[in-house]
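Below is one structure; the comments refer to it alone.
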Amino acid sequence: MSKPTPISGFPEWTPAQRMIEQFVLDRIRATFELYGFAPLETRSVEPLDQLLRKGETSKEVYLLRRLQADAEGPAGDDALGLHFDLTVPFARYVLENAGKLQFPFRRYQIQKVWRGERPQEGRYREFLQADIDIVDRDTLPAHFEAEMPLVIGDALRSLPIPPVRIQVNNRKICEGFYLGIGLTDPEAALRAVDKLDKIGPAKVAELLAETAGASEAQARACLSLAEISAPDASFADAVRALGVSHPLLDEGVAELVAVVETAAAHSPGLCVADLRIARGLDYYTGTVYETSLVGYERFGSICSGGRYDNLASSGAARFPGVGISIGVTRLLGLLFGADALSVSRSVPTCVLVAVTAEEQRAASNAVADALRSRGVPTEVSPSAAKFGKQIRYAERRGIPYVWFPGAEGAADEVKDIRSGEQVAAAAGEWTPPRADLRPLVGEG
């Protein structure tokens, strides 16, 4: 077999990086459960008509097709695509299972998603997301929108990563403002403003004119709104100073004030009101979130989401929700690229049990069994080489302790190969220091 060619955009972490990823997922999962979110996993594929009906996603969806169609087999496989986020499949799940769920329904979901993007640092075609959503029947109280940043702030603060800042806005502010200045297609205006960081204000003004029919004065007003940013509720005064009036605008301002003030009471400095945040997907209807990693702002958001009222609805049944998603692979990829995360050893093993002779391997296995039964990660030496060689094997793998079974009734001994200290020990009693039991993840 010739040497395989790597496929860009499909990351494969090293074992050490994978251990860091597992640590991160465990911390995130624990925080989600502290807030009462229950786990859920949905299928990886959805019908194309569902995937394509909301937002600008048609260029990103991967199709699912068999290499050779079976004329006698079930139809419809050619109309399936891999999901590009976890919100659309979650909405479908809620509709299908509404009769079995208790509302408001709180769930977390940690799964792979796929997008046909151009791979670059922090952007992948296959990546892991960690989502939380709260969905209710008929109506969803706005206070749930204020809860989302608290959960994410606690989850990310539990990790050895740089601080984060959550930028929040409310679609009602933008849409109400656009309607208040006379624009008739607020969604087109939202999509244009969402490109502000990518193409700059001059190009956005042109796009507003082309796609939303904005006059020069209306485009300037839209850009003035997008310039408003504040770490507290003072943003509301800046909005009012623009002199635009609309009931939807007032509703959005009140809801965003509640989000910012709730976050400030829980975690001062966590949230900032930033009225340029729009989010590109059409299904958002209220508060929207984007999260930047301090020091990595140029790479954009590592966690985003928002309120949606119409994504999960069928006939008279309506299930509004709010959700936010951590781009786990994106976050880790950026930090791995900067050598900003490290793990104390590249294997989970804490103890290597030496083998004095191959005919004595059973004795070494018994020691390993006793240690494992007490929760100590242990492996047995692959060969009965000289002890010096077995110790070097442990050093290469980063294993901190080597266990030497006693010969002819003598006590066993365990050696800390970092310090050289060696003491008598019994496999049924000895416990390593807590810091050595599992690999430690920290800043690089």
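The values are calculated or read from the model by the stated rules, or taken from the named source; none is laboratory data. Everything quoted here is computed from the prediction, not taken from an experiment. Using ideal geometry, Cβ is built from the backbone for each residue, glycine included, and neighbour counts are taken over all protein chains shown. Note: areas computed on protein heavy atoms with side chains; ligands, DNA, RNA excluded. Shrake-Rupley method; radii C 1.70, N 1.55, O 1.52, S 1.80 Å.
Let me test this: with uniform point scatterers at the alpha carbons of the range 306-358, what is the Debye-based log₁₀ I(q)/I(0) at q = 0.14, 0.23 1/Å?
-0.69, -0.94
Under a cut-off of 15 Å between alpha-carbon atoms, report the aspartates and glutamates in cross-link reach of residue 172, not counting same-chain residues fewer than 8 places apart.
Straight-line reach from residue 172, under 15 Å: 145, 185, 187, 194, 250, 251, 255, 274, 282, 309.
Name the most mobile residue of 96, 145, 251, meaning the one with the largest mean-square fluctuation, in a Gaussian network model of the chain with Cα contacts below 10 Å.
Looking only at 96, 145, 251, the largest GNM fluctuation is found for 96.
Taking the Cα centre of the range 84-241 as origin and charging only Cβ (+1 Lys, Arg; -1 Asp, Glu), how large is the dipole, in debye to the nearest 20? Walk me through the numbers before you get to the answer.
Working: 20 positive and 23 negative charges, 86 e Å.
Here the size comes out at about 420 debye.
May I ask you to derive the relative contact order of the chain, considering only C-alpha pairs under 8 Å and at least 6 residues apart, and to give it as an integer percent? Display every interim value, and only then the final one.
Values: 812 pairs, mean separation 71.5, N = 444.
Once divided by the residue count of the chain, the mean separation gives 16 percent.
What FRET efficiency would be calculated for the residue pair residue 440, residue 251, taking the C-beta separation as r and a Förster radius of 45 Å, to the nearest 0.05? Display every interim value, and only then the final one.
Working: r = 48 Å, r/R0 = 1.07.
Taking R0 as 45 Å, the efficiency between residue 440 and residue 251 is 0.40.
Against the 2.2 N^0.38 Å scaling, with N counting residues, where does the range 324-444 land? I'd like the Cα-based Rg ratio to two decimal places.
Numbers: Rg = 17.1 Å, N = 121, 2.2 N^0.38 = 13.6 Å.
It is 1.25.
Report the calculated FRET efficiency for residue 18 and residue 117 (r = Cβ-Cβ distance, R0 = 25 Å), to the nearest 0.05.
Values: r = 23 Å, r/R0 = 0.92.
That pair, residue 18 with residue 117, gives E of 0.65.
What part of the accessible area of the range 133-219, given as a whole %, is carbon or sulfur when the probe is 1.4 angstrom? Mind dumping the intermediate values first?
On the way: 1770 of 3400 Å².
Percent of accessible area from carbon and sulfur atoms in the range 133-219: 52.
Quote the Stokes-Einstein diffusion coefficient, in whole µm² s⁻¹, for the range 127-248, based on the Kirkwood radius over alpha carbon pairs, a temperature of 20 °C and a viscosity of 1.002 mPa s.
On the way: Rh = 16.6 Å.
Diffusion coefficient, whole number: 129 µm²/s.
Just name one of 299, 80, 427: the one whose Cα is farthest towards the positive end of the charge dipole of the chain (beta-carbon charges, Lys/Arg +1, Asp/Glu -1).
427
In the range 258-382, what percent of the accessible surface is made up of carbon and sulfur (1.4 Å probe, ligands and nucleic acids excluded)? Spell out each step's value before the answer.
Values: 2100 of 4200 Å².
Exposed carbon and sulfur together represent 50 percent of the surface.
Ratio to report: Rg/Rh of the range 367-425, with Cα atoms as the point set and Rh obtained by the Kirkwood method; give two decimals.
0.94
Take the Cα coordinates of the range 74-124, assign each an equal point scatterer, and use the Debye formula without solvent to give log10 I(q)/I(0) at q = 0.27 Å⁻¹.
Evaluating at q = 0.27 Å⁻¹ gives log10 I(q)/I(0) of -1.11.
Using 30 Å as the Cα-Cα cut-off, could you pick out the over-long pairs in 59/112; 3/198; 112/195; 100/195; 112/415; 3/389? Write out the running numbers ahead of the final one.
Working: 59/112 19 Å; 3/198 38 Å; 112/195 26 Å; 100/195 40 Å; 112/415 42 Å; 3/389 32 Å.
As for pairs spanning more than 30 Å Cα to Cα, those are 3/198; 100/195; 112/415; 3/389.
Sticking with the crude label model, points 7 Å out along Cα→Cβ, report the distance from residue 29 to residue 240 in nm, one decimal please.
Rounded to a tenth, the inter-label distance reads 4.8 nm.
Using only helices, what value at 222 nm comes out for the chain when you add -39,500 (n - 2.57) per DSSP H run of length 4 or more and divide by the total residues, to the nearest 500 deg cm²/dmol? Present the calculation step by step, with values, prior to reporting the outcome.
Working: 14 runs with 160 residues, N = 444.
Computed ellipticity for the chain at 222 nm equals -11000 deg cm²/dmol.
May I ask for the Kirkwood hydrodynamic radius of the range 162-307, worked out over all distinct Cα pairs and given in angstroms to one decimal?
On the way: mean 1/r = 0.0661 Å⁻¹.
This gives a value of 15.1 Å.
Pop a pseudo-label 7 angstrom from the Cα along the beta-carbon direction at both residue 2 and residue 298 and give the gap in nm to one decimal.
Placing both labels 7 Å beyond Cα along the Cβ direction yields 3.7 nm.
When the dipole is taken about the Cα centre of the chain, and only Lys, Arg (+1) and Asp, Glu (-1) are charged at their Cβ, what size is it in debye, to the nearest 20?
Dipole about the Cα centre, nearest 20: 940 debye.
Could you state the number of Å between the C-alpha centres of the range 150-177 and the range 352-420?
Cα centroid of the range 352-420 versus Cα centroid of the range 150-177: 49 Å apart.
Using 0.36 nm times the number of residues separating residue 416 and residue 199, minus their current alpha carbon distance, what extension gain do you get? Please list the in-between numbers first.
On the way: separation 217, 0.36 × 217 = 78.12 nm, distance 5.72 nm.
Result for the pair: 72.4 nm of gain on full extension.
Positive end of the dipole of the range 143-229, charges at C-beta (+1 Lys, Arg; -1 Asp, Glu), about the Cα centre: which of 200, 144, 188 has its Cα farthest in that direction?
Positive-most Cα among the choices belongs to 200.
What accessible area per residue, rounded to a whole number of Å², is obtained for the chain using a probe radius of 1.4 Å?
47
Which entry is the computed volume of the Cα convex hull per residue in Å³ for this structure: (i) 214; (ii) 279; (iii) 149?
(i)
Rounding to the nearest 20 debye, state how big the charge dipole of the range 312-441 is about its Cα centre with +1 on each Lys and Arg Cβ and -1 on each Asp and Glu Cβ. Walk me through the numbers before you get to the answer.
Working: 15 positive and 13 negative charges, 141 e Å.
Its charge dipole is roughly 680 debye.
How would the range 88-158 be classified by its alpha-carbon gyration tensor: rounded, prolate or oblate, with rounded meaning a/c under 1.5 and the a/b versus b/c comparison settling the rest? Could you put the intermediate results ahead of the total?
Working: a/c = 2.64, a/b = 1.44, b/c = 1.83.
Cα axes put the range 88-158 in the oblate bin.
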